[in-house]
Amino acid sequence: MSEDRYPSNQIESYWRQQWDKDNAFRVDLDDDEGEHKYVLVMFSYPSAAKLHIGHWWNYGPIDTHARYLRMKGYKVFEPMGFDSFGLPAENFAIKVGTHPRTVTEESISYIREQLKQIGAMYDWNWEVVTSHPNYYKWTQWLFQQLFKHGIAVQKDGLVNWSPTLQTVLANEQIINGMDERTGNPVIQKKMTQWYFRITEYAEKLLGGLKEIDWPESTIKRQENWIGRSEGASIEFKVKGDEETKVEVFTTRPDTLFGVSYLTLAPENELLERLTSIRQGPEVREYCERAMRISEVDRSSTTREKTGVFTGSYAINPVNDEVIPIWVSDYVLASYGTGAVMAVPAHDQRDYEFALKFKLPIKLVIRPIDQLIDVEDMTEAFTEPGIMRESGDFSGIMSEAGKKAVTDRLESLNAGKHTVTYRLRDWSVSRQRYWGCPIPMIHCEKCGVVPVPEDQLPVELPHEIKDFRPKGTSPLGALEDWVNTVCPNCGGPAKRDTDTMDTFVCSSFYHLRYLAADRDDVPFDMERMKRWLPISLYVGGPEHGTGHLIYIRFITRFLHEIGWSPVAEPVTRLVHQGIITKDGMRMSKSKGNVVNPDAFIERYGSDVFRMYMMFTGDYRMGGDWSDEGITGIDRFVNRVWRLVLRFTGKAAPNSDLNAKDYPEIIFRTLNNTVKAVGEDLDNLSFNTAISRMMELVNELYKWLGDDGDAGVDHEVIRALLGVLIRTMAPFAPHFCEEAWERLGGKPYVFKQEWPSYDETALVANTITLVVQVNGKLRDRIEAPADTSREDLEKMALASKRVQGYMEGKTLRKVVVVPGKLVNIVVS
RNA sequence: GCGCGAGUGGUGGAACUGGUAGACACGCAGGUCUUAGGAACCUGUGCCGUAAGGUGUGGGGGUUCGAAUCCCCCCUCGCGCACCA
């Protein structure tokens with residue numbers, strides 16, 4: 001190994017110590033001067049594992065962006081913290097038989113050290129840890145604010161219950177009926193739970209999407225997730241039971257004359273009342289079976305329709321037709337009213353059901369340009385068309401019919417225009433130990449009462465024998481803790497024993513960072529005004545319908561109650577891509593996890609970090625390969641040897657004079673500064689690095705491996721100073737050392753980002769491309785300011801071109817000044 | 001099924017509003033220096049062809065003087081949603 005190799009280990013740990021010692025990354029949040037940028041990467045989830053490639057990919061490049069902004073003169077806030085409550089930590093704790101708090105504290109201090117290795121500018125003074133009482137005090141405060149404003153409510157309802165995890169899960173935590181962590185089935189269970197009424201915000205959350213610069217795919221996902229549908233709710237009277245009405249929701253009121261039956265979800269509460277004595281046993285048996293079928297089977301689109309007649313009939317409000325009421329599990333209890341009007345001719349699901357149970361199919365919409373017959377149909381006709389056999393609505397367009405029919409229903413007092421959302425209320429109770437306790441007290445006399453604010457936080461009891469899940473919250477076993485007095489009447493009362501979904505903790509951390517030093521208030525309005533909204537937020541696309549909806553919802557809520565200056569927390573969102581190994585996602589089970597440590601040991605953190613950035617487009621991700629890192633290692637060492645060769649005392653940030661350099665060097669240098677800056681604005685790290693490589697290649701061509709081309713070293717130092725400042729955001733440790741050796745004063749990241757000289761960017765000669773019929777035939781060196789006419793003359797004069805024109809007729813010449821000439825012949 | 005995203009050398013990947021396809025790297029080949037080199041430096045490297053030349057961005061068609069880029073059809077892969085009435 002060569003002696004002049006960049007000694008990454010000593011140098012990198014030395015500079016980290018210096019930064020630490022000087023508190024170099026300290027950010028003053030109260031500083032009003034200048035323009036502020038809040039650069040935020042989703043905080044990490046400390047499970048037992050250490051930092052993997054994904055973390056480096058996530059954090060390193062964004063720190064490069066933040067450092068660049070800082071050098072550009074912005075005030076940059078780049079905090080870091082830990083989302084430390086929740087299942088991964090708890091499950092790991094159970095596995096190793098250690099208390100979750102111990103496990104969590106250990107991994108936090110370990111991961112914090114590893115994060116420092118990345119060399120990011122995190123100011124740890126603003127760190128938040130969601131499992132610390134001084135943080136979750138405010139999680140509880142938030143819960144109570146939501147409660148006071150009627151957004152946090154207790155409801156009886158069907159919840160997603162995971163038998164494996166022994167807890168309730170939110171819809172977002174379920175994938176195809178399986179829980180996302182273990183892949184085991186989730187069942188529906190009736191429980192009393194706390195919900196946040198996010199559905200109240202559906203319209204506002206939808207509207208807010210128009211104001212933000214987010215990836216289009218994520219906006220679409222959120223729109224779909226919220227799932228706004230316009231339609232009508234319609235009441236059907238039940239025949240022979242004046243008291244009872246069945247309410248349905250439909251987006252197609254125009255098909256109301258085609259209804260051949262109603263269908264209720266098995267969970268619908270009207271069912272008991274509607275079931276005839278004769279049909280009783282069959283209906284009950286059907287419902288019990290439906291409840292037992294797992295969600296994944298039940299929602300399978302390929303499954304054959306099933307159902308049972310209830311024995312009751314309903315009356316169609318527009319034509320008094322009597323239609324049977326059925327029960328079927330293809331109707332979802334949790335959407336709309338849990339009941340639908342079935343129009344087999346115009347809804348595929350109803351069509352299949354009607355065919356199977358031989359129910360009538362009535363065609364009430366026909367295509368505009370043709371006549372169709374029910375007999376000839378093989379599937380439902382779901383397009384818009386012309387209404388038929390619909391009383392006095394017959395003949396009008398179905399789109400207009402929607403409103404017309406609903407208006408009629410309103411006048412009959414049997415229905416109204418309604419908007420329904422796919423979005424469900426957010427269930428937040430979890431029957432687990434390792435979470436934020438719900439700060440509520442249940443009193444027999446007074447009902448649900450919040451723990452008085454001055455008694456927050458309700459601390460999560462540490463002394464617990466058994467924190468394993470067992471279907472009810474482990475906290476329920478702690479009688480001393482559970483039994484308390486009602487703050488209202490002073491009588492005996494019990495604490496809520498559930499803990500909160502961890503998405504609650506992460507829904508306001510971006511605001512809490514800005515007040516991490518304050519225990520007296522949840523947030524600091526002055527600072528929030530200065531720093532919000534987040535100018536860049538970075539995290540995985542998988543959070544599109546979970547965290548990224550919750551953080552918008554909670555920020556909006558806080559905005560409405562005066563605790564946030566902005567309604568939308570994040571103006572610009574970027575998703576980092578995924579780093580794969582051999583085209584596959586890295587995972588322990590596949591055994592293809594790449595461990596960064598060996599690479600960092602061998603090449604250093606800067607080389608590793610740069611290699612990650614060089615791998616591919618940040619938003620795209622890429623495939624990890626062990627080999628390519630040598631390219632970056634060579635590059636860094638090439639720069640290192642230049643620095644060693646021109647080490648000196650003069651400050652390397654003096655002005656550059658074009659006359660001291662060959663033109664090509666001066667031009668490349670300025671081009672590099674410009675291009676790297678633009679690439680960093682766009683997060684195009686890979687091309688930025690290749691630009692710097694081009695510059696270094698050019699320098700080697702000029703200076704050779706050990707010469708100085710007879711140029712004053714002080715001049716070359718100034719030139720290298722530009723390179724080092726440009727490179728500093730990418731390789732922070734390396735560039736501190738290089739900067740100092742070139743005679744600069746620490747720290748390089750506190751220097752100004754180099755400016756470039758516009759006049760240096762244009763070359764005085766160009767390579768003119770000459771095409772014949774669009775094919776490249778010659779290249780000619782020409783002065784950059786050659787006129788169109790002269791370019792055309794030069795092109796036509798080319799011997800090679802003439803060879804291709806022989807015996808052909810000149811049709812046209814296209815000239816693109818400064819670039820090419822295309823000669824069209826035939 | 002619906003909605004996104006992607007498909008470019010042996011490999012990772014470049015290419016701005018249509019204008020030299022393959023920047024920059026890895027790998028490979030040759031050379032220089034060396035006792036030696038898995039170091040460093042230089043040169044070459046899409047494919048076919050000795051060459052002239054031809055050909056080339058998943059496939060097919062189109063628009064254009066000119067298409068990786070724009071339009072239409074199709075194929076493959078990845079992600080998301082999926083009985084939401």
When the helix-only estimate is applied to chain A (DSSP H runs of n ≥ 4, each -39,500 (n - 2.57), divided by the residue count), what is the mean residue ellipticity at 222 nm, nearest 500 deg cm²/dmol? -10500 deg cm²/dmol
Say R0 is 45 Å: what FRET efficiency, to the nearest 0.05, do A:K745 and A:R800 get from their beta-carbon distance? 0.20
Given chain A, what percent of its DSSP beta bridges are antiparallel, to the nearest 5? 75 percent
Table column - 3J(HN,Hα) (Hz), segment A:124-141, Karplus curve with 6.51, -1.76, 1.60, x for Gly and Pro: 5, 5, 9, 4, 10, 10, 5, 8, 8, x, 6, 8, 6, 3, 7, 5, 5, 4
Run through all the Cα pairs of segment A:25-128 and give the fraction in each 10 Å bin from 0, expressed as whole percent. 15, 42, 27, 13, 3, 0
Long-range amide H partners of A:Q771 with built H, under 5 Å: A:R777, A:V821, A:N822, A:I823
Amide H neighbours of A:G81 under 5 Å, at least 5 residues apart or on other chains, H built in the peptide plane: list them. A:S44, A:V128
For the pair A:M620 and A:K403, the simple spin-label estimate (label points 7 Å beyond Cα toward Cβ) gives in nm 4.7 nm
Report ³J(HN,Hα) in whole Hz for each residue of segment A:512-518, in order, from the Karplus equation J = 6.51 cos²θ - 1.76 cosθ + 1.60 where θ = phi - 60°; Gly and Pro get x. 6, 3, 6, 9, 4, 8, 10
Suppose R0 equals 25 Å; then what is the FRET efficiency for A:N488 and A:D520 from their Cβ-Cβ distance, rounded to the nearest 0.05? 0.45
Compute the separation of the alpha-carbon centres of segment A:437-462 and segment A:370-426 and state it in Å as a whole number. 50 Å
Label point 7 Å out from A:L810 along Cα-to-Cβ: which residues of segment A:755-796 have amide N under 15 Å? A:771-773, A:788-796
Going from the fewest other Cβ atoms within 10 Å to the most, one would list A:I368, A:I226, A:I464 as A:I368, A:I464, A:I226
Using each residue's phi in segment A:353-361, evaluate 6.51 cos²θ - 1.76 cosθ + 1.60 at θ = phi - 60° and report the 3J(HN,Hα) Karplus result to the nearest Hz, with x for Gly and Pro. 5, 5, 4, 5, 9, 6, 9, x, 10
Normalised convex hull volume, chain A, alpha-carbon set, Å³ per residue: 242 Å³
When a/c reaches 1.5 or more, the comparison of a/b and b/c decides; with that in mind, is segment A:604-718 rounded, prolate or oblate per its Cα gyration tensor? prolate
The helix A:663-681 Cα axis meets the longest alpha-carbon principal axis of chain A at an angle in degrees, between 0 and 90 and rounded to 10, of 20 degrees
Let me check against my output: what whole-number percent is the relative contact order of segment A:763-825, with C-alpha pairs under 8 Å and at least 6 apart? 41 percent
Spin-label pair A:Y335/A:E789, simplified geometry with 7 Å Cα→Cβ offset, distance in nm: 7.1 nm
Once you order the gyration tensor axes a ≥ b ≥ c over the Cα atoms, which shape class does segment A:1-60 get: rounded for a/c under 1.5, otherwise prolate or oblate by comparing a/b with b/c? oblate
Determine the gain in length on full extension of the stretch A:T244-A:R468; use 0.36 nm per residue of separation and subtract their C-alpha separation, reporting nm with one decimal. 76.0 nm
Got a sec? Which residues in segment A:1-43 would a label at A:D706 touch, if it sits 7 Å along Cα→Cβ and we count backbone N under 20 Å? A:1-7
Kindly identify segment A:723-826 as rounded, prolate or oblate by the Cα gyration tensor criterion: order the square roots of the eigenvalues as a ≥ b ≥ c, call it rounded if a/c is under 1.5, otherwise compare a/b with b/c, prolate if a/b is larger, else oblate. prolate
Determine the percent antiparallel among the DSSP beta bridges restricted to segment A:761-826, to the nearest 5. 80 percent
Of A:V770, A:V485, how do they rank once you tally other Cβ atoms within 10 Å and put the fewest first? A:V485, A:V770
For a footprinting-style exposure proxy, rank A:E106, A:E78 by other Cβ within 10 Å, fewest first. A:E106, A:E78
Evaluated over segment A:228-421, the Cα radius of gyration and Dmax, each in Å: 16.2, 49
PRE reach from A:E410 (point 7 Å along Cα→Cβ): which of segment A:302-330 fall under 19 Å by backbone N? A:317-318
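Read-outs: derived from the displayed coordinates by stated rules, not from any lab. Not measured: the values here are computed from a predicted model. As a convention, Cβ positions derive from the backbone with ideal geometry for all residues, glycine included, and neighbour counts pool all protein chains shown.
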